[in-house]
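Okay, structure first, notes after.
The values are calculated or read from the model by the stated rules, or taken from the named source; none is laboratory data. Note that the structure is predicted; figures quoted are calculated from it, not measured. Positions of Cβ are backbone-derived with ideal geometry, glycine not excepted, and every protein chain shown enters the neighbour counts. Quick note on the areas: whole protein, heavy atoms, side chains included, nothing else; ligands and nucleic acids left out. Shrake-Rupley method; radii C 1.70, N 1.55, O 1.52, S 1.80 Å.
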Amino acid sequence: MERTPIYIVTGFLSTGKTTVMNYLLKRRYGKKICVVQMEEGMTAPQQDCVVTLPLLTKDTAKEIAYRLRNCVTAHAVSEVWLEWNGMVPFQRLEELFLQTNLSRYYVIKKIFFVTTPSFCLTMLGKTGDAVYSQLLNADTIFLLDSIPPQSAAPEKTEEIHKARRLLKTICPETHSVNVSHISLDNAASIYKGASRPSGILFMGLALLMTVLYGFFAVSADPAYAAIRVVLTFWMATVLQAFPFLLLGILCSSALQLFISPACIERYLSGSLVKGMAYALAGGFVFPVCDCAAIPVFRGLIGRRVPIPAAMLFMLAGPIVNPVVILSTYYAFAGNWEVVIGRVVLGTIAAIGISLTFKNYHGLEELTASGQLPINLCGYTAFPAVSEKNVYGKALRFLIHSQREFFRMAPYVLLGALLASLFQIYGGSILQFYSLQSNLFAAIELMIVFAFFISLCSTADAVIAKNLSSHILMPGIMAFLLFGPMMDLKNFLLLSSLFPREFVYRLVVTIIIACCIAAFIFAVVTGSVGV
Amino acid sequence: MKINLQAVWEGIISLLTGGVLAGLVVTGRYLSLVVPRMKLFICLAAVIFILWGIASLIQVKRPVYRLAYAHCLALFIPVLLLFSPLLLGAAYSADSRTASQTIEQQNIDPRPFGIDFDTVKGDGIDAAHKKIMVTTANYYPLILKLTQHIKDYEGYEVYMIGFVSYDDKSLTNNNFTLARYLMACCINDVSPFGLICNYSGDIHWKEYQWLAVKGQLGYREYHGLIQPTIAVKEVVPAKRVAGYIYPY
């Protein structure tokens, strides 16, 4: 039996799902379409065949499956458009259409997510994981910037830009469209089914890598000697960095899953000194990675925690936590000068940076908009296991930490490769440009490197150690301080959550603070250079 | 019943990674890449990867809408990289450079100067006979001790095995450093470390050739630093000693 294509429109309540669906169905000529609604809103569907279903629960699941089957068998429709309930997680949708015998009747053609700019900017974090899971699984996001078919330039363009930036940050690979820009005359791509990876590309790449690696590893040709050394250095760096990355991720996942943001916020509110003291202690006790710290910071600002206390938690946490201290200690073979330098200078720099924002009022508008999900930087869809028993909790913890690892590992792999290449070829490049003994150049170079390489702070010490044979130690210290506080991925995340002026000011302040800290390190350790 | 292919790949690749890490620890081949103190952390990582693999495979019967495989490369690359030392052993290491210069092993006396270096106990200093025997077990702390207290041991007879290194550019004529590779952190920072040999013989030994040296302990001052030296009395080819010296 040929399966019936089904388009699913998701999004939170009253964000324009039916409006957009009606508009998209206007040019669906020659199709017998049935609209299935799982929630009723202000706007009614404009199709002849409309089926209304109850909210999906354990009790209604069988009835819903029966009626959805009936749509195909009794109505003989050629296409079904389903308006999914904004309060039901995407995992229930997957269970319904992929894990029951409905999969024999339907093929999911495309998932749309409809939202408004104001919802993105003010409600996205407050409405729970259900809507968030829908957003992350969508093939296309429709940003309802005007009521279709109005094509005039929408108002509040700044708000729309901000919303688009936020969506791009959360789902970088998902195509998003402003509804005012949709042209139904040329809308074939909207209705075209989403392309699905088959895994062939992955297997092909894996095979290619294996062949190339095997060739270089086994070949005795002296011409490839440098490549073999790079590969060896790469594998050693990875072998050393991964265990610490894992430790950091396990701690970060435990924090995100088992400790509520409200708990952290309770301690940081109140007087500035108390808040900053707790922020510093919290940074030490709860090892969050730098990108997990940003949503926490956004949440704290939303709960009216003083900016310096919230910022100190964000900046100091990724530097002073035990995993980072341990990885730095091991990477630098027990060199306490580097370990203490990193912790002390990092703490002082973070306090200094935070205090410069004491009288800053540019975030006041955000205090009204509340908090974002703590796991903004890596939402994880969990299987339907109970959170209450140990098995369910353990499985959620393992899946969450695994997802976090898959998200961060590419950065560490790339960083390790670049560091290995730098070790082989960096010396001669630095010598060519006379940078090897230039203190200023070393600090600036390493700050730029730290920004673009976007390493996790639990794994950066190993990379830094490998660079230390070519770069003056103050440069290495600048790398170890700047990277956890600011890098490319943090910059993009901050830009989507905070006003541009605030982000630029923060970046410049961090650069200045890290340069000063690196110079202090140079003076204290006597490595001022030539 | 459809299966979740992504979970299958994630499970397989996670289990593979855990297996490779465990294999490196069991065979001891991780020592060609990192220092022994990493053993506990690598074991921990292996356990976590295996648990992740099991967690992924539990989800195999839960098909999902959005499938992605590219992220699995983030684990495939380490598996590929780390499988090599498992497969090729210690030959795939910086230490292999010294192997290439080892002369025919069967003609070499395994007990140069009548000393079995493997059975030397303690710190290698025999104060009663004014003898010093530098072995793999005492290599780093002994050289450190000699450097710090050179005046106490000046004139002692030194016995040592190592390879010839000309890394120290201050050495002239046929002088060389009798060295072993020292690994402080991982293979990336491996460097020759040993005692300078003042050799008055006519032979210019090939770099990386393994030698056993007998001589008298002395020292030189170089840019304000005191460095122990050996005034070489006798040199014989020696069997290669595999592995690195780990200072910590």
Run the helix sum for the protein assembly as shown: -39,500 (n - 2.57) per DSSP H stretch of 4+ residues, divided by residue count, reported at 222 nm to the nearest 500 deg cm²/dmol. -16000 deg cm²/dmol
Per-residue average of other protein chain Cβ atoms inside 10 Å, peptide A:227-233 -> 4
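In nm², what is the average projected area of the convex hull enclosing the Cα atoms of segment A:4-191? Could the numbers behind the result be given before it?
Details: hull surface 41.5 nm².
Average of the hull's projected areas for segment A:4-191 equals 10.4 nm².
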All alpha-carbon distances of segment B:9-78, grouped into 5 Å bins from 0, give the whole-percent distribution 4, 17, 23, 21, 15, 9, 5, 4, 1
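Grab the other residues whose beta carbon is less than 14 angstrom from that of A:Ile8, score K and R as +1, D and E as -1, and report the net.
Details: positive: A:Lys17, A:Arg92, A:Lys109, A:Lys110, B:Arg66; negative: A:Glu39, A:Glu79, A:Glu83, A:Glu94, A:Glu95, A:Asp139.
Every neighbour counted, the sum reads -1.
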Under the Kirkwood approximation for Rh and a Cα-based Rg, what ratio Rg/Rh is obtained for chain B? 1.15
Order these peptides, A:353-361, A:407-415, by their mean beta-carbon neighbour count within 10 angstrom, highest first. A:407-415, A:353-361
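What does the structure give for B:33-44 when I average, per residue, the other chain Cβ atoms found within 10 Å of the residue Cβ? Don't skip to the end; give the middle numbers.
Numbers: counts 8, 8, 3, 0, 3, 6, 0, 1, 10, 4, 1, 4.
For this peptide, the per-residue mean of nearby foreign Cβ atoms is 4.
Computed from the mean reciprocal separation of all distinct C-alpha pairs, what Kirkwood hydrodynamic radius does segment A:28-76 have, in Å? Before the final figure, lay out each step's value.
On the way: mean 1/r = 0.0837 Å⁻¹.
Over segment A:28-76, the inverse of the mean reciprocal pair distance is 12.0 Å.
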Cross-link partners among lysines for B:Lys233, C-alpha distance below 30 Å, same-chain residues fewer than 8 apart left out? B:Lys121, B:Lys130, B:Lys131, B:Lys145, B:Lys151, B:Lys169, B:Lys206, B:Lys214
Too-long pairs where the Cα-Cα distance tops 20 Å, listed order kept, from A:Lys110/A:Lys162; A:Lys26/A:Lys156; A:Lys393/A:Lys489; A:Lys17/A:Lys109; A:Lys168/A:Lys489; A:Lys393/B:Lys2: A:Lys110/A:Lys162; A:Lys26/A:Lys156; A:Lys393/A:Lys489; A:Lys393/B:Lys2
Once the Cα atoms of segment A:191-250 are picked out, what are the Rg and Dmax in Å? 17.5, 56
To the nearest 10 degrees, how steeply does helix B:139-148 sit against the main Cα axis of chain B, on a 0 to 90 scale? 50 degrees
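Might you tell me the accessible area per residue for the protein assembly as shown, computed with a 1.4 Å probe and given in Å²? Please list the in-between numbers first.
Values: 32650 Å² over 778 residues.
Counting only protein heavy atoms, the per-residue value for the protein assembly as shown is 42 Å².
Using only Cα atoms, what is the ratio of the radius of gyration of the protein assembly as shown to 2.2 N^0.38 Å?
On the way: Rg = 31.6 Å, N = 778, 2.2 N^0.38 = 27.6 Å.
Here the answer is 1.14, to two decimals.
Over all distinct Cα pairs, what is the inverse of the mean 1/r for segment A:444-500, reported as the Kirkwood hydrodynamic radius in Å? It would help to have the intermediate numbers written out before the result.
Details: mean 1/r = 0.0865 Å⁻¹.
Computed over Cα pairs of segment A:444-500, the Kirkwood hydrodynamic radius comes out at 11.6 Å.
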Could you tell me how many degrees, from 0 to 90 and to the nearest 10, lie between the Cα long axis of helix B:39-58 and the main elongation axis, the longest principal axis, of the Cα atoms of chain B? 10 degrees
Per-residue counts of other Cβ atoms within 10 Å, averaged by peptide: what ranking do you get for A:170-181, A:468-479, highest first? A:468-479, A:170-181
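How high is the relative contact order of segment A:4-191, in percent, with contacts defined as C-alpha pairs under 8 Å that are six or more residues apart? All intermediate terms of the calculation are to be shown ahead of the outcome.
On the way: 312 pairs, mean separation 51.8, N = 188.
The value is 28 percent.
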Restricting to Cα pairs below 8 Å that are 6+ residues apart, what does the relative contact order work out to for chain B? Please round to a whole percent. 20 percent
With Cα coordinates, the longest principal axis of chain B makes an angle with the long axis of helix B:73-88, in degrees rounded to 10, of 40 degrees
Sorted by average packing, counted as other Cβ atoms within 10 angstrom per residue and highest first, what order do A:262-274, B:157-169 take? B:157-169, A:262-274
Net charge within 15 Å of B:Arg220 by Cβ-Cβ distance, Lys/Arg positive one each and Asp/Glu negative one each, not counting B:Arg220 itself? -1
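Can you give the % of DSSP beta bridges in chain B that are antiparallel, to the nearest 5? Numbers along the way, then the final one.
On the way: 32 of 40 bridges.
Within chain B, antiparallel bridges account for around 80 percent of the total.
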Alpha-carbon gyration tensor eigenvalues x 5, square-rooted, for segment A:1-98, Å: 19, 18, 11
Three principal axis extents, largest first, for the C-alpha atoms of segment A:202-525, in Å? 65, 54, 35
Taking Cα pairs under 8 Å and at least six residues apart, what relative contact order does segment A:202-525 come out at, in percent? 22 percent
Give the aspartates and glutamates whose C-alpha is closer than 14 Å to that of B:Lys61, dropping any in the same chain fewer than 8 places away, or say none. A:Glu94, A:Glu95, B:Glu10
Quick test of the membrane-span-like rule: which DSSP H helices of chain A reach at least 30 Å along their long axis (C-alpha atoms) with mean Kyte hydropathy at least -1.0? A:225-258, A:390-421, A:500-525
